[in-house]
Amino acid sequence: MRLIKDAFWNTTAAKVQICAIIVAGIAMVLVPGLSSDIYIPLYLSWIMAYSILSVSWSFFSGKTGYISLATASFYGIGMYLQAILGRQFPLWTTMLFAAALAFAVGIVIGVVTLRLRGIYFTIFTFGLTLFLNRFMHWYEGMFTRTKGRMVKPYDNEIVFYALLATFAITIIAIIILNKSKFGLSLKCIGQNEDSAQHVGVRTTLTKVLAFAITAAPVGAVGAVMSTKSGYIDPNITFALTYSFFPVLMAIFGGMTSTYGPIVGATVFFVLQDYLLRAKDDFIIFGRHVVIGDMMVFGAIMVIVILALPKGLFGTIESAIAKKHKRSGGEVARDA
């Protein structure tokens, strides 16, 4: 209880934070009923899904410095579990199963790999996604004699509320964990793992638990979003974009705060969606040039990351902090 008060109520910033979360939550709950556009809930669902992936990645990799590319693995596990169990169980149940399975797989992978450091861990997690992709191709061809699976569809509003609940639970849990000894231990590991071990932090156990905890919501998101595909196969479920996009979104928004990856995910998705809908025709130096939408998207990402190394949210925070510091200095001089 004390930890929750520290996270949400003991300071003015925490009170503003909880009030903003409550207002945003009420607004999100009312969106499907107030909007006449049936695609608004789906649009917001994708933003929440991307935000969960990005925040989950940032909580583990941003703090520890262990760059994980296993997000697609957990996402794909959730998608396949929904395809297998979705016709026997309701969506909420399969989401819990997917989260539990992703957590269990995260524990196993963490125990095996988190004794590795640096690039070796990154390569292993990247290879894991490739392995699961090929394994499912082999399994379906050898045993089920199928190529992909059909997934039971759900209404956009059901998907919206399922993701809203997952989003709320994920953000609240991460805010609380950030204020806990567990979150402090992760920060210590990221700053100097050997020193953290010397002062009593059980580094391997902490890393494994953090890795597994952040895998759980990703599995749940995979279970939900598979219902919008209608059909899945290994290339869809274990697509490497689900591993790379959360990294880009977290860097794009900034990893100094819980909300940075959310800002990055929102801007990322809106920009991506706009470029996919826009025409690929551009006029450059008076000439008609055809440029791929993802080429423009990639160029914008590179420019923003180079110009704003702290990300969008981190840059805004730094500007506000400098302004307050400057104001404080002026008041002190006047006194």
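The values are calculated or read from the model by the stated rules, or taken from the named source; none is laboratory data. Model, not experiment: these values are computed from the prediction. Quick reminder, even Gly has a Cβ in these numbers, built from the backbone with ideal geometry, and neighbours come from all protein chains shown.
From the list Thr214, Thr206, Thr170, exactly one residue is among the hydroxyl-bearing types (Ser, Thr, Tyr) and within 24 Å of Leu130 (Cβ to Cβ). Which is it?
Step by step, each of Thr214, Thr206, Thr170 is checked, and only Thr214 is among the hydroxyl-bearing types (Ser, Thr, Tyr) and within 24 Å of Leu130 (Cβ to Cβ).
May I ask you to verify whether Val159 is among the β-branched types (Val, Ile, Thr), in contact with a helix residue (DSSP H, G or I) (Cβ under 9 Å, 6 or more places away or on another chain) and more than 13 Å from Val218 (Cα to Cα)?
Considered against the rule, which asks whether it is among the β-branched types (Val, Ile, Thr), in contact with a helix residue (DSSP H, G or I) (Cβ under 9 Å, 6 or more places away or on another chain) and more than 13 Å from Val218 (Cα to Cα), Val159 comes out as yes.
Can you say whether Thr129 is closer than 14 Å to Ala220 by Cβ, crowded, with 21+ Cβ neighbours inside 10 Å, in contact with a Leu (Cβ under 8 Å, 6 or more places away or on another chain) and touching a residue at least 12 places away in the same chain (Cβ under 8 Å), as far as the supplied structure shows?
Here the answer is no, as Thr129 does not meet what is asked.
From the list Ala332, Ala319, which residue is at pLDDT 70 or above and either assigned by TED's automatic domain parsing to the domain that holds Arg149 or more than 26 Å from Ser68 (Cα to Cα) (or both)?
Ala319
Among the residues of region 82-111, what is the count of those that are free of Cβ contacts under 8 Å to residues at least 12 places away in the same chain and in a helix (DSSP H, G or I)?
Summing the residues that are free of Cβ contacts under 8 Å to residues at least 12 places away in the same chain and in a helix (DSSP H, G or I) in region 82-111 gives 2.
With within 18 Å of the chain's Cα centre (by Cα), more than 21 Å from Tyr50 (Cβ to Cβ) and not hydroxyl-bearing (Ser, Thr, Tyr) as the only criterion, which of Gly222, Gly183 stands out?
Among Gly222, Gly183, only Gly183 is within 18 Å of the chain's Cα centre (by Cα), more than 21 Å from Tyr50 (Cβ to Cβ) and not hydroxyl-bearing (Ser, Thr, Tyr).
Quick grid of which residues meet (1) among the small types (Gly, Ala, Ser); (2) out of contact with any helix residue (DSSP H, G or I) (no Cβ under 8 Å at 6 or more places or on another chain):
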{"residue": "Ile189", "(1), (2)": "no, no"}
{"residue": "Val218", "(1), (2)": "no, no"}
{"residue": "Tyr231", "(1), (2)": "no, yes"}
{"residue": "Pro234", "(1), (2)": "no, no"}
{"residue": "Gly253", "(1), (2)": "yes, no"}
{"residue": "Val263", "(1), (2)": "no, no"}
{"residue": "Val267", "(1), (2)": "no, no"}
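Okay, residues lined up against (1) at pLDDT 85 or above; (2) farther than 30 Å from Gly148 by Cα:
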| position | (1), (2) |
| --- | --- |
| Gly33 | no, yes |
| Ile38 | no, no |
| Ser51 | yes, no |
| Thr71 | yes, no |
| Leu85 | yes, no |
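Give Ser195, Ser185 a once-over and let me know the one that is more than 27 Å from Leu44 (Cβ to Cβ), assigned by TED's automatic domain parsing to the domain that holds Trp57 and surrounded by fewer than 16 Cβ atoms within 10 Å (Cβ to Cβ).
On inspection, the qualifying residue turns out to be Ser195.
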